Amino acid sequence: MNQAVQEIELSIEQAKQFIAIGAAVNKLINNKEFKEIVTEGYMEKEAIRLVHAKSEAGLSDKDQKQTDIDILAIGSFKNYLNLLRQRGVQAKHAMGEAEEELEEIRNEEISK
């Protein structure tokens, strides 16, 4: 087996992993408990609570900084989930292209 075939097969295996992770994130996001606890509870209600807490007059500098960190954490977590989902979509596309390329190489080898 030539190196090009091995590299394509490796990229297909990696794509399958990204696709599986993306599918798992989609499954989580659509899960009732996840929606209730994480999407609505953490990403929405907690974010709103933190923004309101930030505007409190008596909040110390230390608490202000911690609130900023907590707000950023929510955004970072949401971005991470979105990144995993997007990677899954991109991997699905890339895997299709890699499979086509692999088939072409194998057909060329057969016709030699």
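Where a number appears in this text, it was derived from the coordinates with a stated rule and is not lab data. This is a predicted model, so every value here is computed, not measured. Positions of Cβ are generated from backbone atoms using ideal geometry, with glycine treated the same way; all protein chains shown enter the neighbour counts.
Under the classification rounded if a/c is under 1.5, otherwise prolate if a/b is larger than b/c and oblate if not, where does region 7-72 fall, given a ≥ b ≥ c as square roots of the Cα gyration tensor eigenvalues? The partial results should precede the final answer.
Numbers: a/c = 7.03, a/b = 2.28, b/c = 3.09.
Cα axes put region 7-72 in the oblate bin.
Under 8 Å for C-alpha pairs, at least 6 residues apart: give me the relative contact order for the chain, rounded to a whole percent.
Relative contact order here is 52 percent.
Packing-wise, with mean Cβ within 10 Å as the measure, how do 27-37, 44-54, 78-88 rank, highest first? Intermediate values should be presented prior to the final figure.
Values: 27-37: 11.6, 44-54: 13.2, 78-88: 14.8.
Ranked from most to least packed, the peptides come out as 78-88, 44-54, 27-37.
Could you calculate, for the chain, the ratio of the Cα radius of gyration to the Kirkwood radius, expressed as Rg to Rh?
1.29
Name the shape class, rounded, prolate or oblate, that the alpha-carbon gyration tensor gives for region 58-107, where a ≥ b ≥ c are the square roots of its eigenvalues, rounded holds for a/c under 1.5, and otherwise prolate holds if a/b is larger than b/c and oblate otherwise.
Because a/c hits 1.5 or more and a/b exceeds b/c, region 58-107 counts as prolate.
In region 14-70, what is the count of Lys pairs whose alpha carbons are under 16 Å apart, counting only pairs at least 8 residues apart or on separate chains? Could the numbers behind the result be given before it?
Numbers: 27/35; 35/45; 45/54; 54/62; 54/65.
Number of lysine pairs found: 5.
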